[in-house]
Amino acid sequence: MLIAILLSTTLVSLIGFAGVLTLSFKRNSLQQVLVFLVALSAGTMLGGAFLHLIPESIESLGTDTTALLTLLSFCLFFLIEKILHWRHCHKQNCKIHTFGYMNLVGDSIHNFIDGLIIASTFSVSSYLGMTTLLAIVLHEIPQEIGDFGVLLHAGFTTKKALFLNVGVAFTALLGGLLGYYLSGFSQNIGSFLLPLATGGFLYIPTSDLIPELRKETHLGKSLLSFIIFLLGIVLMYSLRFLE
């Protein structure tokens, strides 16, 4: 299990290099690609939550406990986001690096939690771990591309932005190791960490990804984004037959 966790979190960490893709795309073309990646990410995360994590958690903990812990996890993600963004600058004369460093702090915590979630699901089953890994990978690609763009906009050089983005991404390894340690401390800890993953998989699409998709006003692109969103759900559903 440890090897699977280390390999999975390393893979997620290496997605930090996805930021270099921004250098080979024109801004408009990149934005169009990102919209479709966000749609796929939203579909896979919601599909993973409703079709895999929630049923598995109910089987282990029961309906009432799963519902309560998932709700608390959802609230926790909301609190974390509010804490990370409380110092965001909304004035034109702010120091340019402020939001860049805040983005790095937020991304490091985000990746750490990703590693924790991956480890907690692998502690339940390899199938659930791989399903969760797929959803996280598809979410991290547009996330890391966006983070790289933020760092460039904050005034960092391309080389430094890439170095920091990748370095921060490797906090997923630390989260994975902590999750592995916790699962070894108690065989049941993985079951109780599943609602943590579920809360994140519900909060991120509903608070961040779907609102971003709603900004698209072109009917054709909106419909295509919705179809790709559904494809993400179908992908998660199809994985049920591999269990």
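The values are calculated or read from the model by the stated rules, or taken from the named source; none is laboratory data. As the structure is a computational prediction, the values presented were derived from the model and not from experiment. Glycine also receives a Cβ, built like all others from the backbone with ideal geometry; neighbour counts cover every protein chain displayed. Side chains included, ligands, DNA and RNA excluded: accessible areas come from the protein's heavy atoms. Shrake-Rupley method; radii C 1.70, N 1.55, O 1.52, S 1.80 Å.
For residue 222, state whether it is among the hydroxyl-bearing types (Ser, Thr, Tyr) and over 16 Å from the mean Cα position of the chain (by Cα).
Yes: the conditions hold for residue 222.
Can you pull out the residues in segment 17-36 that are of a type outside the set (Phe, Trp, Tyr) and either outside any helix (DSSP H, G or I) or modelled with pLDDT of 80 or more (or both)?
If the condition is that a residue be of a type outside the set (Phe, Trp, Tyr) and either outside any helix (DSSP H, G or I) or modelled with pLDDT of 80 or more (or both), then 24, 26, 35 are the ones that fit.
Quick one: residue 183 ticks every box in (1) open to solvent by less than 70 Å² (accessible area, probe 1.4 Å); (2) polar (S, T, N, Q); (3) closer than 17 Å to residue 48 by Cα bar one, so which box is it?
Condition (3) is where residue 183 drops out.
Applying the selection to segment 209-228, what residues are hydroxyl-bearing (Ser, Thr, Tyr) and either modelled with pLDDT of 85 or more or closer than 10 Å to residue 35 by Cα (or both)?
Residues satisfying the conditions are 222, 225.
Tell me yes or no: at least one residue of segment 127-138 is part of a helix (DSSP H, G or I), under 14 Å from residue 18 (Cα atoms) and touching a Leu at 6+ places or on another chain (Cβ under 9 Å).
Yes, segment 127-138 contains a residue that is part of a helix (DSSP H, G or I), under 14 Å from residue 18 (Cα atoms) and touching a Leu at 6+ places or on another chain (Cβ under 9 Å).
Per-residue answers, yes or no, for (1) outside any helix (DSSP H, G or I); (2) within 19 Å of residue 134 (Cα to Cα):
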site: 207; (1), (2): no, no
site: 217; (1), (2): yes, no
site: 224; (1), (2): no, no
site: 231; (1), (2): no, yes
site: 235; (1), (2): no, yes
site: 241; (1), (2): no, yes
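Of everything in segment 186-208, what is modelled with pLDDT of 85 or more and surrounded by fewer than 19 Cβ atoms within 10 Å (Cβ to Cβ)? Give them in sequence order.
206, 207
Of the numbered conditions (1) surrounded by 18 or more Cβ atoms within 10 Å (Cβ to Cβ); (2) at pLDDT 85 or above; (3) more than 30 Å from residue 230 (Cβ to Cβ), residue 123 fails exactly one; give the number of that condition.
(2)
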